[in-house]
1. Give the residue, chosen from T268, T280, that is farther than 18 Å from A389 by Cα, of a type in the set (S, T, N, Q), out of contact with any Gly (no Cβ under 6 Å at 6 or more places or on another chain) and in a loop (DSSP other than H, G, I, E, B).
2. Would you please name the residue that is farthest from the ligand (Cβ to nearest atom), looking only at residues in the stretch 375-396 that are touching a Lys or Arg at 6+ places or on another chain (Cβ under 8 Å) and aliphatic (A, V, I, L, M)?
3. Which members of the stretch 46-92 meet the condition of being within 15 Å of the ligand (Cβ to nearest atom), among the aromatic types (F, W, Y) and surrounded by fewer than 20 Cβ atoms within 10 Å (Cβ to Cβ)?
4. L201 is checked against (1) of a type outside the set (D, E); (2) within 16 Å of the ligand (Cβ to nearest atom); (3) out of contact with any Leu (no Cβ under 7 Å at 6 or more places or on another chain) and fails just one. What number does that condition carry?
5. Can you pull out the residues in the stretch 261-289 that are within 16 Å of the ligand (Cβ to nearest atom) and either without any contact (Cβ under 8 Å) to a residue 40 or more places away in the chain or not β-branched (V, I, T) (or both)?
6. Looking at the stretch 219-253 only, could you name the residues that are surrounded by 17 or more Cβ atoms within 10 Å (Cβ to Cβ) and either hydroxyl-bearing (S, T, Y) or within 13 Å of the ligand (Cβ to nearest atom) (or both)?
7. Show the residue pairs that are 6+ apart or on different chains and have beta-carbon atoms under 8 Å apart, the first residue being within the stretch 1-21 and without any contact (Cβ under 8 Å) to a residue 12 or more places away in the chain, the second being among the acidic types (D, E) and part of a loop (DSSP other than H, G, I, E, B).
8. Looking at the structure I just gave you, is P256 in a loop (DSSP other than H, G, I, E, B) and either within 16 Å of the ligand (Cβ to nearest atom) or more than 22 Å from the chain's Cα centre (by Cα) (or both)?
Amino acid sequence: MKVVPDSYIVDEKGDAYIGGVSLKHLAEKHHTPLYILDEQTIRRNCRLYTEALSRYYPNSKVLYAGKANLNVGLINLMNHEGLGLDVVSGGELYTALKSQMEPRSIYFHGNNKSVEELRLALQNGVSIVVDNYQELQNLVALGKEGLRSKILIRLKPEIEAHTHDYIKTGQIDSKFGFDKEDLIRVTSIIKANDSLKYIGLHAHIGSQIFDIEPFLDLVDILFEHVGHIQKEVGLETAVLNLGGGIGIQYMTEDDPPEIPVYIEAVTTKIKRVCALKGMTEPQLIFEPGRSVIGNAGVTIYTVGTIKEIHDIKTYVFVDGGMADNPRPMMYQAEYTYALVRDTGKEKKVYAIAGKFCESGDILTHSVELPEVEVGDHIVVFATGAYNYAMASNYNRAVKPAMVLVNKGDVKILVRREKWEDVIACDQEITF
Ligand SMILES: Cc1ncc(COP(=O)(O)O)c(C=O)c1O
């Protein structure tokens, strides 16, 4: 997996293209900031999962973690690639129900789902990943309305992993999921209620993970509980959902595992554990977000102003920033930058800042680019995940458009907001 989309090329004049479409042309036609997704890369990333699984563990499913980037067209593309979907809110669920995705391929997460959200999910046959006792009670109550629930139990995995580090502890104070001590009580409640059906266990250990080891530890932890639930409650765990979390390259030095290598390692371990314990191999579910969509996306901006702070730094001000990509500000996330038209001029070091009314609205403090001029377009790579999904209307900014490009064709996935949209919910109260 690379930082840039598969179809990214720079021609002999220095002009950049994705999906056979000139980025300069896209910037002029659709305005900036603009999110661009490469269909070829998305499909390839999906197939890295589905093809590895059909080879190593066919009794499996890949759910796209919609929190990474969600809209109706994108769900339809994931559906076309044979993926299911996980959603984490009523809004995501509503979006999914407006798409071509079959509700039985949708799984609903969240630590504080409302009764209305649960009712909508159950009315449509969406599976529920239960997080806590109150939610279980709400499902029992909805059962009295004749609504049946298919349930995965979210377990605190007691592993927390991010990029290079991971810890295994007895007590992680995550807000998500049940403690392992709760599992017997939870499965007993499910067994005692006719409207509830136990399907299996879920755990998610973190995001942007570069190490396969914690996933293998997770398998051991989950199987301990599978055996325990079978013995104590007499319920079979038909499904194990291992969450998402495989990292991607934001900078060329980042070194995440290849998806097929990760799939092979995890599935080999599961087969070995099942053979050792004499257990039936469960259906496996994976929930990748970032590794499906992250490197398929780029953002382009237009440079409006260049400000020299003598002998200290040169700021390039772009027409977006923290409202379309809050990750640099929230997580000090780093990205790779280029000029949409590489002029071949001498390189200089710049800080790139957004246009929002916050001193912290800095995309990068230091990047080398060929000398930048007002009106140039800057492309930021690997913005496909957790950018649009986390975008806000801060300073009453309009959210950018998102386009999907492939073989010279451009489809608008999300239209650019207008100023009328910004006041669409305001009520005309006068004094
Ligand atoms: C429950 C769950 N599943 C899947 C994901 C997707 O993770 P990633 O985008 O790192 O693959 C997340 C992200 O945090 C998550 O919370």
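1. Numbers: T268 fails: in a loop (DSSP other than H, G, I, E, B).
One residue alone meets the criteria, T280.
2. A391
3. none
4. Going through the list (1) of a type outside the set (D, E); (2) within 16 Å of the ligand (Cβ to nearest atom); (3) out of contact with any Leu (no Cβ under 7 Å at 6 or more places or on another chain), L201 breaks only (3).
5. Listed by number, the residues that qualify are Y262, L284, F286, E287, P288, G289.
6. Listed by number, the residues that qualify are T237, N241, L242, G243, G244, G245, I246, G247, I248, Y250.
7. Y17/D11
8. Numbers: in a loop (DSSP other than H, G, I, E, B): yes; either within 16 Å of the ligand (Cβ to nearest atom) or more than 22 Å from the chain's Cα centre (by Cα) (or both): yes.
It is true that P256 is in a loop (DSSP other than H, G, I, E, B) and either within 16 Å of the ligand (Cβ to nearest atom) or more than 22 Å from the chain's Cα centre (by Cα) (or both).
Values in this text are rule-based calculations from the coordinates and carry no lab data. Predicted model, so just to flag it, every value in this text is computed and none were measured. A quick note on method: Cβ atoms are made from the backbone with ideal geometry, for glycine too, and the neighbour counts reach across all protein chains shown.
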